[in-house]
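What follows is a single structure, written as structure tokens, with notes after it.
Each value in this text was obtained by applying a stated rule to the coordinates, not by laboratory testing. Since the structure is predicted, the reported quantities are computational estimates derived from the model, not experimental observations. Note that we place each Cβ from the backbone using ideal geometry, even for glycine, and neighbour counts take in every protein chain shown.
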Amino acid sequence: MSGVTDEILDHDYDGIQEYDNPLPRWWLYLLYGSILWAIGYLPYYHYGPGALPEEALETDMQAWYQLHPPVQLPDEAAMLAFAEQDGVMERGAATYKIRCLSCHAADGGGLVGPNLTDEFSIHGQRLEQMIQVVYHGVPAKGMLSWKTQLSLEEIKEVTVYVHSLRGTTPAKPKAPQGDPIVDGDTAEAAATGATVVAATGEAAPAPTGANPATGADAPSGVAMAPTGEADAPPEGESAAPVPAESAGG
Ligand code: HEC
């Protein structure tokens, strides 16, 4: 410590005295160095072409996503075509027995996970909706994401299989969860896409309003009434078979 002297300064603060110890050189050089650095850094990074950490991160992430594009899960048409292929159902069933039955029961009746056979669904009953759930999971609700454990092919197969469970009769069905399925879809999803209702006349039971069986559980079914009504086909036949018809699908 070169600059240290034992010279006591000539003042006295309430009895406290002070040595005259200049700051060490290395410390001062650091200070001057940082000042010089800042003169270059500030204009270059804050006002010039330099990328601040957030921008740099953004650029890096974009580059990363370009190298690793997010998986595009198949849409409904692609899934329907896939479901036609030979052996898909069998392989899906095999995967189901290994991976899924612990939570959804061997026959899909539901345990920790919801009943996959009934006329209700939390996330939608279309294949393209179900594969999203199987692929990404619903971690907060206890449904695992299978994207790291199964190949995309296996995920597609098992999705086709669980989709096919609807309408079967499990030994111990778990109580319904989610929204009623309307025409292969949940009422909620149908409400956002009027075409689903319009395209297929037999989805008309909801607009008749009475909805005896499911009315209490189906607030979203009511919401879709206006869209359905506009395009509803001849009223006569749609009124009668309300609950029976949906079980038939
Ligand atoms: C650890 C338990 C667990 C396992 C294993 C599990 N699930 Fe699930 N699954 C759940 C839970 C819990 C939910 C409900 C998620 C929610 O409430 O959003 C769920 C929801 C689902 C849904 C959506 C149901 C709906 O009503 O929308 C599908 C489809 C599904 N699981 C398929 C599968 C398949 C296929 C497998 C095997 C590859 C599987 N699950 C394995 C717990 C599980």
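In segment 76-165, inverting the average of 1/r over every pair of distinct C-alpha atoms gives 12.9 Å as the Kirkwood radius. Here r is the Cβ-Cβ distance between GLU7 and TYR32 and R0 is 35 Å; the resulting FRET efficiency, rounded to 0.05, is 0.90. The calculated FRET efficiency for LEU144 paired with LEU52, based on their beta-carbon distance and R0 = 30 Å, is about 0.20. For trypsin sites (Lys or Arg not before Pro), no site in segment 39-110 is both called loop by DSSP and has at most 12 other Cβ atoms within 10 Å. Setting aside same-chain residues fewer than 8 positions from LYS156, which lysines have a Cα under 26 Å from its Cα? List returned: LYS97, LYS141, LYS147, LYS174. The calculated pair-distance distribution of segment 20-131 uses every alpha carbon pair, bins of 5 angstrom beginning at 0, and gives 2, 8, 8, 11, 10, 7, 6, 6, 6, 5, 4, 6, 6, 6, 4, 2, 1, 0, 0 percent.
This model, with +1 at the C-beta of Lys and Arg and -1 at the C-beta of Asp and Glu, gives segment 76-165 a dipole about its Cα centre of some 380 debye.
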